[in-house]
Amino acid sequence: MDSKFPDQLFPVFYYTGPPKKKADCPVHAWGLHGHVYGNDSGSAEVADWSFLAQRKVNGPTWAPVESIVAPLLPPKSVNKWSSRHLPSAMDFPKHMQNFYLYKSEDAFSTMNHLLEDHFDFGSGELKECMKKTTVSMKNMERFMSSAKFIKCPLKPFEKRASLYNNLLGDVIHDIPPGLLGELLYEELTLQREEKQFNEVATGGALGFFLISTSNTSQEGCLVYPRKAALNSLNFHKVVVEFQENIPRPKFMNKPINYGVNGTIRQVSVGPMEESVYVGVRTDYNCGVWVATSAQKPQPLDVVNTQERATCLTVSPHMPGELLVASESGVAYLWTVGRSLQKFREEEGNLYFNAKSPWRWCDFSAHPRVMLYADRTGLELSDIRSKETCSHTVFRIGATSGCKSGERVILSRYLCNVNTHHHLVTTQHSAYIMDERFPCLPMIKWDHMMASPPMFAQAVGTASQHQNTVILGSQSSQELTLLQYSGGNAVAAQVLGAPQKLSCPMKSLADLPVQIPHRQKNVQERLTVPAAGIASIYYDKEESLCVLQLSEVGDIFYQTLRPASQDSLQAAHKEMLNEDSVTEQSGSSPQESQESVNNPRTNIVSQSKCKIVSQSDCPPETSDARIHGINEPCVNMILNPLTEQEDVSLSKDIPRTAKVSKATLLKWKSWLNVLRNGQRSTPRYSQLHWTLKTKDHFTFDGKPRDILGKDQITSLRNNMREVMEKKSVLTCGATSLSPPEVLPTPHPVDTQSWGDDLSQRLSASWEGGWKDWWEEKLGLNREKRIEELRRKRRRLKRTRGPRVALSGSFTTSASYQSDLDGWSSAVSDFGGQDPDLDSSTFSGYLSTQEDSAEPERTGRVLQHEPKGSKLSSEEKSNVTLSRNKAKMPKDPSQEGNPKAPKQLKQDYMSALFSSQEEVVDAGTEGTDFFFPMSLSSQVSSISNSQRKPSLGPFSQSSQSSKQGKKRARMGF
Amino acid sequence: MYATCVTLKFTRRCGEAARIADRFNRTVRPSPALGGMITNGCMLKSFKVTEEKGNPLPPQREKKPKTSPCVLRCGTAYGNLLAMDDISAEWMTSPVRDCGSDNDVSNDDDDEDDEEEEPIRKRSKWPDLPIPAPWYGETSKETGFHRSSRLCLNQIRECLLEHRWQEAAEYLISYFQTLEEISTPRQLLATEIIFRLGSEILHQHPNSKLEDVNHFFDLMKNTGVRGYLKISLEHSFHLLLTGNFDDAVRQLTTAESWRYGKQSAVQADKMKLIHAYRGFLSYLSWISKKGSSSEDDDGDVSAIQEMHTYFRQACISLQEILKLPGVWDPFVVGYVNMLEFYNDHEGALNVLKEYAYDSRFPPNPNAHVYLYRFLKRQGSTEKKQIRVLKILGALVPSHELMLELFSLLLESGTEQSLKEALDVLFNLLDDCSWKHSVAAWTCFRNMIKLLRRKKLKHLLEEGWETRKDWWPAFHFRTYHARADFQLSRQLLLMKVVVASTLVGNKCMYCRRKNELENEREARRMIKTHKKRKR
């Protein structure tokens, strides 16, 4: 019963005045209940009361049957469709330049004719009297030819050009450049604004009326514009049929079309009674057609408006009545067959000066009271009385909680939902107004759309408890579904959160990928702004089909069905399962450890993230991708998190990419038609210069590919498999023979060159030329012995109770020796290790050398010193690296008293092994190499000293094992 | 010193973010390991922010350097160009200014942002519409932290708009990092966003439990003082809707006693609402007490005492809110109900009159309905009732109480009142919601009969004069006859009487009615004939 008014309304403050709120981050659609009142139904128990929230968070929802839209019609080849590129107003000099360069006839023709006699083109003799007043054209031609260069056309003739400019600058232009520039600037600005928001399309140029309904199908008629300029009106029979329980609209027969003089901006369809009236608005004309279920549509009447028409509405109450509004601010009642009857005229805007000529009008519950609207608000005006008698329904202000800068975009009388309700949309919100209680909105949604909603459809569903409103925007193609209930016996209530439906722009991501240039073409075609929406509601099986028209005449549709409780529960169950999976993977520490250590997992997870973001929102793709790559450190740290997200995200992916085969086939044929259509009419003629290379290169025609056809196909298959797995294609996975492995060249054996010169050169190659000479001449010997002694003394002094501890530290450090031996080697020495182990010193010295010659460290060299006791195989295995320059030693050795003689020998060996190799301790443990300090030079002294030094070495390495054990126990 | 302060601040916020994230985690994904992870993430981010602090963002956008656009050599044009450049720069960038994320969230400060602040346009023919700038778009100078939080918010929005709650929840866990914002407006914005998104997800997520929601609300309440009242109110609503009456009362009581420095206008209004709802809940408690005490008649004194306490509590709060302009239907009903119970009829009448006739209040039809019902209950004179209903009729001619007005007017019986009654009926049937109402058309039929009896048919003609050009098309087409017949035969018969009187016997509606009747008769004949044959 629409005649009832809610018994109680939700409490709300009544503010007056201009809007106070600022437009901030729009998350206001979510989170709040609004207000609440209780229904005390005579019960004494508090628990029995039911409370009603202004926003019921868990409303019934519609679920899309498929995740993408499907094309309804094959694409018409349109020669030119505008890309989404917005023209910049600051580009006008460029446009002027183009005009002067390429349309010089238009730019300068008047002056051209006047000056024609005074220029000599070299044709024929000049009369004597003319010679004085004529300019030769030879120079001018050169001048003009240079003007083809865009960079700086005037440069070579700067002086001459400026002289000409001084002379003729004021008169030579047909249109003064100042004026032209200004006009161009304005035009570009206008074009830019129109691309962002073109108000002439308000209302939408797509209409639908129902013809008949049966249990299995529903027949209706779709009214849509076609052809490149959208100037052909088509009436096309549509049947919605159930195929495999999915409702699909299908066109029947051929469309009936009528040519219209001008682009169709709006199609307004009345209710289907015995006949249906269809109003069509173009910029300056409005026409009306009448159709019945049996007869084909007939044109009835046309009117012409002086100013651009902005609105045309067909009456839901009376047959043959329409409302027309134009930019002059006049609104007319148009009864078919009679002339227009003016009922309202407003020079300015209703409530404040919004500087907008846009006007709108609509019907209301009373057939003689009309709604008159502009950007500032809505008013009801009674057309029976002569003087304007009106009252406000809605105005931009604090009363309805508007934000500053908010404007009315569209209003619609929701006759089929509730006879007293009007839908008003603005950039930020959508309102349901009840004309019985004006000013305060019954419902306010934040629709969360990026561009203002210009098209709206309302569907009252069979159960009558739930009304669905679909808003569509123009430039961003968005479709948002909102729901509400009540408004009759109980106060109107918002149901659930706004839901975004898929749009053609985003469907491309779910379609098979194409060749890049085609993909770009298709993308451009799919991002064309929307021009209207329509909805087909089928109450027998409760399904809703939403159709969307684009500015080039493509129609896409998607079907929605109520999300049943079962499906929701199933989704929930699925979610729980996924959760348990994630828990399992999370609970095993090994796995997570792996994922931290394994960089590849990380990469995979990143790439997964990328894919998700790609499929979710193409406009953000590049951002997301860059973001993903730029911050790997965050990913590394949050790795387990990303991992888990991946698992759970993967749950959403199949839901988002739910596309049936039939739809894919439809898309395939649509894309084919689009491509073929383009081939016949190329968008751009070939402007660029082409160079023929046919004669320059001879080609023998033999295939250059050495692989056979089978091999190539198998390779392709391999490649595809590998890409699916997201791994790397290795040679082993293919049928190809493994590539030949080239042997690495033998390392240079510098030791084999025994002569002094070679050794010196080798040493100087390593940077040790000076050392070599010092060694050779024995200059530094005294100094070093002295130094070592001093150090030894100092060590002795510091030897004390800390020894054991420091020893254990070094031991523990030795566990990490394979990670960083260098620093621990230094700390070993600085760590007051009292050990006289020659390796310590060698380590120390070699470290110093290393720091002096960093480039040496990575090199692998073999050496074979004379008199070495090491077996040749072991020596060949010796790898020198800085990491292993330190030898594990142990604190247990400190107790070993050594003979002074041996000590001295140790000194010597330590001293002279500084620039030669340290003997390997790997003799016992074959699994690890001993550190070596390298020297290309082997002195005779060191050779003689090496032998005794082996003793403590073997000893130390044995005891080091014991030491290790002990230290471990300590920790 | 400053550095330590900043660090301390961060650690506090990190803790906060982590706590909220933790709570969220438990709902969304019951894995204890993640809380720590998020904390780590926060620490990492906070480090980043500290770095940013070193060179804070310049608060003002720099104007674009003027590019000399001239390839042309014309002096006059050049001057114009530069002038235009200025203007264009001014208004092309202006939308960004009022939609940037730098804005204060809470709208608390009274800004004199008026319609006058429109960008300058050169010509009025241009479509003049402040299109909201993509607030989520990239800004020229944004740090990595802001960028990632912006991208994250976009993802959450996408998920919420497509009703993917689980995914949104996972993104939101990362979004908690924005609580570490250093600029106050941004932090407030972050709090607001997190509260909105978080509560939405918790409302919608299948795994969420009441205790999670409670905990989340409690945490958010103390994340910024400005949101305290709003969140408390919202929390109590949630508790009411989930059937926790006593908890809701407790919430409101706590919020009532909340004090924090100077209150902004929005906060003051919220406070008033909290008082009002507190009073309303007291009224509900009063009702339940009344019900229980009336059951056992003797009624012990303490119960009555308690009831009286509730009454006083409710009275004080509701009185206050009813002084402010607004729609307070539930409150008015409750207040009047209580006053009536305690026999304060005068007071109740005053409250209702104030509510209905105060010009500061919106034109609420319900206010008049309540007044009329009160008068009816009190058994006041018909004249008074008619007066109230007439005012209601002027506001809403299609209100269902107009039928009562009609019968009241009919009872008085004078010619004037009959005329008014006819007007009421005509107005009612003007409205398309009464088009198919049998009751209204029956009234009309009776009215016609009465007028015929009283020989006052000229009244009918007066009313018909303004409607004769459109009522036939609105009510009496052949299509209507068929539709009405399908709806109810009674309706068809009533309307035929009216149509034949107003339009004439030969109108399309009557003809169609006769056809339909004949068809019906024929069908019945065939049926009976068949039956007889059997």
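Specify which of the listed residues (A:Trp81, A:Trp30) is within 7 Å of chain B (Cβ to nearest Cβ), part of a loop (DSSP other than H, G, I, E, B), at pLDDT below 85 and on the phi < 0 side of the Ramachandran plot.
A:Trp30
For the range A:760-797, give me the residue count where each residue is small (Gly, Ala, Ser) and touching a Phe, Trp or Tyr at 6+ places or on another chain (Cβ under 6 Å).
Within the range A:760-797, residues that are small (Gly, Ala, Ser) and touching a Phe, Trp or Tyr at 6+ places or on another chain (Cβ under 6 Å) number 1.
Condition check: within 9 Å of chain B (Cβ to nearest Cβ) and surrounded by fewer than 20 Cβ atoms within 10 Å (Cβ to Cβ). Does A:Lys355 satisfy that?
In short, yes.
When the range A:399-433 is examined, which residues are found to be within 18 Å of B:Asp431 (Cα to Cα), in contact (Cβ under 8 Å) with a residue 60 or more places away in the chain and part of a strand (DSSP E or B)?
Once the filter is applied, which keeps residues that are within 18 Å of B:Asp431 (Cα to Cα), in contact (Cβ under 8 Å) with a residue 60 or more places away in the chain and part of a strand (DSSP E or B), the range A:399-433 yields A:Tyr413, A:His421, A:His422.
Is it the case that A:Val302 is without any contact (Cβ under 8 Å) to a residue 24 or more places away in the chain and aliphatic (A, V, I, L, M)?
Answer is yes for this residue.
Can B:Glu461 be described as acidic (Asp, Glu), within 29 Å of A:Tyr413 (Cα to Cα) and free of Cβ contacts under 8 Å to residues at least 12 places away in the same chain? Let's see the steps before the verdict.
On the way: acidic (Asp, Glu): yes; within 29 Å of A:Tyr413 (Cα to Cα): no; free of Cβ contacts under 8 Å to residues at least 12 places away in the same chain: yes.
No; evaluated as a whole, the condition is false for this residue.
Restricting the search to the range A:381-398, which residues are surrounded by fewer than 22 Cβ atoms within 10 Å (Cβ to Cβ) and part of a loop (DSSP other than H, G, I, E, B)?
Matches in the range A:381-398: A:Ile383, A:Arg384, A:Ser385, A:Lys386, A:Glu387, A:Thr388, A:Cys389, A:Ala398.
Tell me, yes or no, whether the range A:297-312 has at least one residue that is at pLDDT 90 or above and in contact with a Pro (Cβ under 7 Å, 6 or more places away or on another chain).
No, the range A:297-312 has no match at all.
For the range B:444-503, what are the residues that are β-branched (Val, Ile, Thr), under 39 Å from the mean Cα position of the chain (by Cα) and crowded, with 19+ Cβ neighbours inside 10 Å?
Across the range B:444-503, there are no qualifying residues.
Could you please tell me which pairs satisfy a Cβ distance under 8 Å, a separation of 6+ or placement on different chains, a first residue in the range B:515-534 that is free of Cβ contacts under 8 Å to residues at least 60 places away in the same chain, and a second residue that is aliphatic (A, V, I, L, M) and assigned to a helix (DSSP H, G or I)?
Matching pairs, first to second residue: B:Leu516/B:Ala481; B:Leu516/B:Leu492.
Filter the range B:360-376 for residues that are free of Cβ contacts under 8 Å to residues at least 12 places away in the same chain and more than 11 Å from every other protein chain (Cβ to nearest Cβ) and give the result.
B:Lys376, the sole residue that qualifies.
In the range A:162-186, how many residues are touching a Pro at 6+ places or on another chain (Cβ under 9 Å) and in contact (Cβ under 8 Å) with a residue 40 or more places away in the chain?
2
Would you check if A:Glu583 is of a type outside the set (Val, Ile, Thr) and either at pLDDT 85 or above or crowded, with 18+ Cβ neighbours inside 10 Å (or both)?
Answer is no for this residue.
Only residues that are of a type in the set (S, T, N, Q) and farther than 17 Å from B:Tyr335 by Cα: list them for the range B:358-385, please.
B:Ser359, B:Asn364, B:Ser380, B:Thr381, B:Gln385
From (1) modelled with pLDDT of 85 or more; (2) crowded, with 20+ Cβ neighbours inside 10 Å; (3) more than 7 Å from every other protein chain (Cβ to nearest Cβ), pick out the condition that doesn't hold for A:Pro11.
(3)
A:Phe363 is checked against (1) in contact (Cβ under 8 Å) with a residue 40 or more places away in the chain; (2) within 12 Å of chain B (Cβ to nearest Cβ); (3) over 22 Å from B:Val396 (Cβ atoms) and fails just one. What number does that condition carry?
(3)
Residues of the range B:226-242 being surrounded by fewer than 21 Cβ atoms within 10 Å (Cβ to Cβ) and either on the phi > 0 side of the Ramachandran plot or touching a strand residue (DSSP E or B) at 6+ places or on another chain (Cβ under 6 Å) (or both), which ones?
Correct list: B:Leu241 only.
Between a first residue in the range A:507-532 that is touching a residue at least 12 places away in the same chain (Cβ under 8 Å) and a second residue that is basic (Lys, Arg), which pairs have beta carbons less than 7 Å apart while being 6 or more apart in sequence or on different chains?
A:Arg518/A:Arg675; A:Thr527/A:Arg84
Could you list all residues from the range B:488-518 that are among the charged types (D, E, K, R) and at pLDDT 90 or above?
Correct list: B:Lys495 only.
The values are calculated or read from the model by the stated rules, or taken from the named source; none is laboratory data. Note that the structure is predicted; figures quoted are calculated from it, not measured. Please note: Cβ atoms are built from the backbone with ideal geometry, for glycine as well, and neighbour counts cover all protein chains shown.
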